[in-house]
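Just below is one structure, and these are the notes that go with it.
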Amino acid sequence: MNPQKVRNRYDAVIVGAGAAGLSTALGLYRALENKKSKSDLSPKVLVVSKLQPLRSHTGSAEGGIAASLGNQEKDDWHWHYYDTVKGSDWLADQDAVRILAEQAPGIVIELEHDGVAFSRTEDGHIAQRKFGGHTADYGGHPVRRAAYAADRIGHQILHALWQQCLRRGVEFAEEWYVTDLVLDPPTDEEPGCHARGLIVLDTHAGKLQAIQADNIVLCTGGAGRLFHTTSNSWDLTGDGMALALQAGLQLEDVEFIQFHPTGLGHTGILLSEASRAEGGVLRNCEGRAFMQDYAPGHGDLAARDVVSRSIVAEIDAGRGVADPSDPDGPHDCVWLDMTGIDAQRMTTLLPQVTETIHRYAHLDPTVDMVPVKPTAHYTMGGIPITDRGHVYRWQDGSRRIVDGLYAAGECSCVSVHGANRLGGNSLLDACLFGTRTGQAIAAIMANADKPNDMTDAPTLAQALRRRQTFMDKLLAVESDAEPSESTLTNNQNEESDPNGGASPNNPYALMGRLGRLMEEAVAVRCDQSSIEKGLRGLDQLDADAKQLRAHSGTAVLNQEVTAIMEVDNLLTLARAVLNASLKRKESRGALYRSDYPQRDDEHYLAHTMIDAREVVSWQPVHIVDMPPKGRNY
Amino acid sequence: MTSQSTGSDGSKASASDCDPRPVTFRIARFTPRPQSERPARTSPFAKSNPFAAAGTRRARGRRWTQEYTIRIAPQRTVLDALLQIKREVDPTLNFRYSCGHGMCGSDAVLINGRPDLLCTATIADCLSASETMPNAYASFGVANGSPQVQQPPAFRRTGSATTATATSSSALHSDSGIGSRATGPKATNPSEASDHTETTNHTGTTHFTETSDPDKSSVIEISPLPGFTPLRDLIVDTDTMFEQIRRFKPYLLHDDSSAESRQNHHESDQPETQDSVQNPLTKAISQAAKAKVVDAEPASEYRQTPEELARYELLSTCIACGLCQGACPIYAGGEAFAGPAAMIAAARFINDSRDSHRQERLEAIDQVDGIQACQSIRACTRPCPRGIDVGEEMWKLVEAVKEQSDSYAHRSA
């Protein structure tokens, strides 16, 4: 639903309408309601999102949201705190993790009050299940900490948050795409940098608009589309992170990308960890249950990064299998053998997994082996924020706040996940730090005596003109025609050839090439030469991207125009990921460098801060309660 | 005999389903004309044609049917195919998609006359279903022909299509067999800005029985979801659906009795104004707002037993994709009806034991364009990707409304 008219000025604009964006909006509205008696504010708040909110990828989260409610057995938030720090391979900032673990129960109960249809215990409490890495007594036995709603917790949370936003009359501009983040002064000279506004494309009208905003929150989600095989939706193109880079800001720890071990064959669709918890076994082409060789004692239920690396090691050693749907294709999968699970049990406990395998692999997991491969799942790094959601720059050894700019959720990095995220902590991060960000903005709005009246915003107007010129160039098709025959390529191959110069130059083909390049360069493991090869390949893609033009001159709902800008964003981000990976000469959590296989706390117990000019600086990790030690599962 | 069955000799998804083969996609396309660029001169009949005035929701622009023949394995999804077309053949084709595995609800369209999600429909399903399904749907009248025509009601329409569609698509049918090829739209005869629709006898188009030769391509027809205004190609306007969902206050309203002693804080100026006067829910909301303690740290969850959860759990899995709306002859036919998706959203809260306003909610849906508009045709059930028996749930709502008004009449008597 769209407002009749989107204004030129708002008190706050939230970009993105997944769990983080909607939580921010609710946090803001609720905090203002509480303050209403004091000052009679009627805030002008807009949520801009490139998707209708219910289409957000939050809705695909399956397993649960972690909180030490202790509904089914004794639990303690200190244990959650420890598990998260350990899971992060000691790269998380412990002050932030402490907030995460301590406030998790309150957030989950608030979500329940918002309407989330949690699964229940017999006595009517929120049901909880075990999840990888969540333990009792600081690394003891597994504990039931993940509050769940069958296997669709993300869907439930997304819908409940959206519903509560409707109740409060939150204004949405849906299928609007943010093209530019405007800071003033635009370059990173001195402290005092201030967010001024956004340039936004109304995709329905095909028109650009400048929106001035005192407070801007980026909640745009992850960037799984950097890779060919990903569990992420087609829309996760790292827009918010790229906007930050393009505005001269830094990203933190972007080299840490979690690969979930069991993506389904060529699709990358997630098969929940529960498939292995219930008895599924990974096997190589010889039928050997290889995980026992890599993680004795833990086997198939070792940590996600460990299992993903083991699968890739088998494939690299020539013991992979081909996806049966593409029998002549590369042997880049291994088998997930679920045939040992009782059929009845499988239907009851793994309905979503079973349905996905049936529908997308056309296999019957009770009798067939299922092809799986690691799938890009989550970006641990992102836009650096404080625990109140303020975006900052790391400069001369201190955090310099960018006034009026905030971020939350997967696109941000408060650093609660460090080098590897625990299952159940992503929804928690998005909802908790989203809410806190909304509250922080409400506090600032309540204390502002006068509206920040920037009657003249030359930088914004300038950015709008620049983007308009860019758009005009994209849409300058000879005659308003659909593509002429010459621009269309006959291609007999089912997949476009990744290396062939003959592949058509359009953003969709280019995104495919980028995905393969990134997969070879840094997926699951990397070394200096693979990264440098990736960087050289990026140069070619950058050159090709500059040639991209829309093949239709009609601006209205022209998806290709948006896709061209998404590709630009992915390319910007890919370069940052590769350079950050190159600079970190150690292996930690999800980053495995085969040329530096050990963790190196002496040099790299620090966050990578990288900007678009590829300047890297290092921010020390906040160690509060737990000095680093080994990470064994 | 379809080519689907050729060579697969009865066993389960076999090698033949993995082999790419030519499939033709016949896609209803539409490019709107921007307002500002609309020339002053239009059809000489435009002013006098009553249909032109009536079709206010129908955007002007160019409509045509385009065929693409690509090689793809039958076990792939239709979304895979359209993405391949975008990548390799025609990047101007527009359609919504996001998660790609049936959870986001963004890619509802009409495939071979049947409402379906692009990402859950496989090529094999569509080719085998094209034998039988169009007839089944044709009896409801939703399917065949041009869904861009919103009015008159679908069930009064028999296999209509635009002139351009009928002639150009058959004339340009590509049987190249190998390689992919787009038929250029310039060769078609786009019905520029025509707000009138000529009906031609085109009922046979959804049957493709000629494909016994596996090398010959089979045809899959895709058009926008009925009941929704097309905006460009397969993208439709979903705002109307969400407005109707919103109308019945789809959010949990829990009166916390323990909080009554607390001071009221006004939440009353929230924008609930539009249909406030006659809507009993509005009063309920302000009551709930008074009761709700916003600033208190939530102490514990509202209790709900697994049995209470089971009463609405499936309803809560609705992804608002709109397939049920597109399948409903009442809704898609243009009658005044809030639509099955809005009713399901209402039912989700009516059946949630945590919600304190069941009665007001039942009153709210008991309107001529609410549950009263449902004629129990139950076409809404089949396409639901979440397995909700929409038709049955609608019937339960009818009964609950009746029960409530009966007991109310009984009490006041």
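What follows is calculated from the coordinates using simple rules that are stated; it is not laboratory data. Fair warning: this is a prediction, and the values are worked out from it, not measured in the lab. Positions of Cβ are backbone-derived with ideal geometry, glycine not excepted, and every protein chain shown enters the neighbour counts.
Given R0 = 60 Å, the distance between the Cβ atoms of A:ARG7 and A:GLU286 translates into a calculated FRET efficiency of 0.40. Residues B:GLU313, A:GLU614, ranked from the fewest to the most other C-beta atoms within 10 Å, line up as A:GLU614, B:GLU313.
Per DSSP H run of n ≥ 4, the term is -39500 (n - 2.57); total these for chain A, divide by its residue number, and report the mean residue ellipticity at 222 nm rounded to 500 deg cm²/dmol.
Only helices count here, giving -10500 deg cm²/dmol.
Annotation: amide H-H contacts under 5 Å for B:SER353 (H modelled 1.01 Å from N, sequence separation of 5 or more, or interchain): none. Using only Cα atoms, locate the centre of the range A:19-36 and the centre of the range B:312-361, then give the distance between them in Å, rounded to an integer. Cα centres, the range A:19-36 to the range B:312-361: 27 Å. For the range A:257-379, the normalised intensity computed at q = 0.23 Å⁻¹ comes to -1.48 (log10 of I(q)/I(0), Debye sum over alpha carbons, equal scatterers, no solvent). In terms of overall dimensions, the C-alpha atoms belonging to the range A:65-148 reach 36, 26, 16 Å along their principal axes, ordered largest to smallest.
Counting, for every residue in A:55-66, the Cβ atoms of other protein chains within 10 Å of its Cβ and taking the mean gives 3.
Note on B:101-110: average number of Cβ atoms from other chains within 10 Å of each residue's Cβ is 6. Computed over neighbours whose Cβ is under 12 Å from that of A:VAL281, the net charge equals 0, Lys and Arg +1, Asp and Glu -1.
With a cut-off of 12 Å between beta carbons, the residues surrounding A:TYR596 carry a summed charge of +3, where Lys and Arg count +1 and Asp and Glu -1. Projected onto their three principal axes, the Cα atoms of the range B:360-413 cover extents of 44, 19, 18 Å, largest first.
Per residue of peptide A:548-561, the mean number of Cβ atoms on other chains within 10 Å of the residue Cβ is 5. Each of A:CYS285, A:CYS411 was scored by other Cβ atoms within 10 Å of its Cβ. Listed from fewest to most, they are A:CYS285, A:CYS411. All Cα-Cα distances of chain A, cut into 10 Å bins from zero to the largest, leave 3, 17, 28, 28, 18, 6, 1, 0 percent in each bin in turn.
Below 11 angstrom from the Cβ of A:TRP618, what's the summed charge of the other residues (Lys, Arg +1; Asp, Glu -1)? Let's see the in-between values first.
Numbers: positive: A:LYS583, A:ARG584; negative: A:GLU252, A:ASP253.
That works out to 0.
Along the axis of the charge dipole computed for chain A (Cβ charges of +1 for Lys and Arg, -1 for Asp and Glu, origin at the Cα centre), the listed residues A:THR220, A:ALA440, A:LEU208 are led at the positive end by A:ALA440.
Each of A:GLN292, A:PRO324, A:GLY248 was scored by the projection of its Cα onto the charge dipole of the range A:237-344, and the greatest displacement toward the positive side belongs to A:GLN292; charges sit on the C-beta of Lys, Arg, Asp and Glu. By the beta-carbon count within 10 Å of each Cβ, the least crowded to most crowded order of A:MET291, A:MET511, fewest first, is A:MET511, A:MET291. Out of every Cα pair in the range A:499-603, what percent are spaced more than 25 Å from each other? Considering the range A:499-603, 31 percent of its Cα-Cα pairs are separated by more than 25 Å.
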